[in-house]
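The values are calculated or read from the model by the stated rules, or taken from the named source; none is laboratory data. Just so it is clear, the model here is predicted, and its values are computed rather than measured. Here Cβ is always computed from backbone atoms with ideal geometry, including for glycine, and neighbour counts include all displayed protein chains.
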Amino acid sequence: MARPRRTATVAAALAAAVVVALIAIPAAIAAFGGKAQNSGDIVTAVPDFTPPAITATVAAKSLGGVTGFVRKGGAYFVYANVSADTGNPASGINTVKANVAELTTGQTEAVLTAGTYTAGGVTYGYRSAELTANATVEGAKSYSVIATDKAANASTLKGTATVDNVVPTAADVQTANGGTTVGKPEEKDSITYTFSEPIDPQSILAGWNGASTNVVVRMVDNGLLGLPTGNDELFVYNAANTATLPFGAVSMARGDYVAGLLGGSINFGASGTKTTMVMSGNSITITFGTMAAEGVLVGPTTAAAGAAMVWTPVATPYDRAGNVMSNATATQSGAVHKNF
């Protein structure tokens, strides 16, 4: 007698399960599909579960040039590239924000706006408003960019920016002989300016990235009647030889590298073989091109003895973070010798 009751119980349970399944099927269809205009057809779609992809980000000072560095009190932007939403169907990108609290206290949701922006030679599709760094402790700082689509899917990409609050200084100046006579400025000779840290090349010459580019070197005779009565000086000019570049002046500490009847100067690279300038690390090396005179009976001469050059920079160049250079002088290091 117990067997019929058990069979009836099982049958009742199976019937209940079928009812639940029949109720659930339409709900599932409603969630993942919808009826087309033609009755009887059903179009299915997968909801947008895919977050936007952030492919690149960088923080860069507002001055432009080298990216990835900021300074206390300096203005900067955050840039990012975010791929188009790939959800099926795509819900569309809702917001792109940056958490830069380690660079700017309390700034956890800086909004990035869509557009076309360039930083460090790279094009980005999103950029923040101008922000101001207030970090006092130097070193690498982390930040993050968060992109959210309209279905609330979010992705995050972390970035790093280095805080540098130190003012760059002139560290050393040296020459090298590439010509035929030691102590006489000639084609293929060179001069190297060394800074305490890398300088942003665009602060020396607009648009320059540190690769070899043409400039002109001018050496000025500060004597008279060919007499070494004043120290000769060296300056760097643009390729057109019309404006000085912000290296400041180098005193040769002697007056017998250039001589002219009424002073005057000589230049290297204004015509003929060009003078070239290239940056490597903390140093910028300038290699002389063809020499030409600028004045009456003026030309290069051979120094009778050695002397330590003195570099007096100008407070115009800035480092990768935007710190403007000190104008404190630097005296040529090493044993005293004839230059060039």
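Which of the residues belonging to the stretch 183-225 are aliphatic (A, V, I, L, M) and touching a residue at least 40 places away in the same chain (Cβ under 8 Å)?
Residues satisfying the conditions are I191, I199, I204, L205, A211, V215, V216, V217, M219, V220.
Assuming Q107 fulfils every condition listed in (1) modelled with pLDDT under 95; (2) within 24 Å of N153 (Cα to Cα); (3) assigned to a loop (DSSP other than H, G, I, E, B) apart from one, which condition is it?
(1)
Restrict the check to the stretch 213-227 and report whether at least one residue is within 30 Å of T162 (Cα to Cα) and in contact with a strand residue (DSSP E or B) (Cβ under 6 Å, 6 or more places away or on another chain).
There is at least one residue in the stretch 213-227 that is within 30 Å of T162 (Cα to Cα) and in contact with a strand residue (DSSP E or B) (Cβ under 6 Å, 6 or more places away or on another chain).
Please go through the stretch 203-242 and give me each residue that is in contact with a Phe, Trp or Tyr (Cβ under 6 Å, 6 or more places away or on another chain), under 21 Å from Q174 (Cα atoms) and of a type outside the set (V, I, T), ordered by number.
R218, D232 - these are the residues of the stretch 203-242 that are in contact with a Phe, Trp or Tyr (Cβ under 6 Å, 6 or more places away or on another chain), under 21 Å from Q174 (Cα atoms) and of a type outside the set (V, I, T).
For the stretch 156-186, which residues satisfy the criterion of being outside any strand (DSSP E or B) and under 26 Å from K141 (Cβ atoms)?
Scanning the stretch 156-186 gives D164, N165, V166, V167, P168, T169.
Consider S39 carefully, then state whether it is modelled with pLDDT under 95 and surrounded by 12 or more Cβ atoms within 10 Å (Cβ to Cβ).
It is false that S39 is modelled with pLDDT under 95 and surrounded by 12 or more Cβ atoms within 10 Å (Cβ to Cβ).
Go through the stretch 205-222 and give me each residue that's under 18 Å from V310 (Cα atoms) and either in a loop (DSSP other than H, G, I, E, B) or in contact with a helix residue (DSSP H, G or I) (Cβ under 8 Å, 6 or more places away or on another chain) (or both).
Across the stretch 205-222, the qualifying residues are D221, N222.
Which of (1) surrounded by fewer than 19 Cβ atoms within 10 Å (Cβ to Cβ); (2) closer than 30 Å to A75 by Cβ; (3) polar (S, T, N, Q) is the odd one out, the single condition T285 does not satisfy?
Exception for T285: condition (2).
Looking only at the stretch 110-143, filter to residues that are not β-branched (V, I, T) and not in a strand (DSSP E or B); which one of those is farthest from V82 (Cα to Cα)?
The selected residue is E138.
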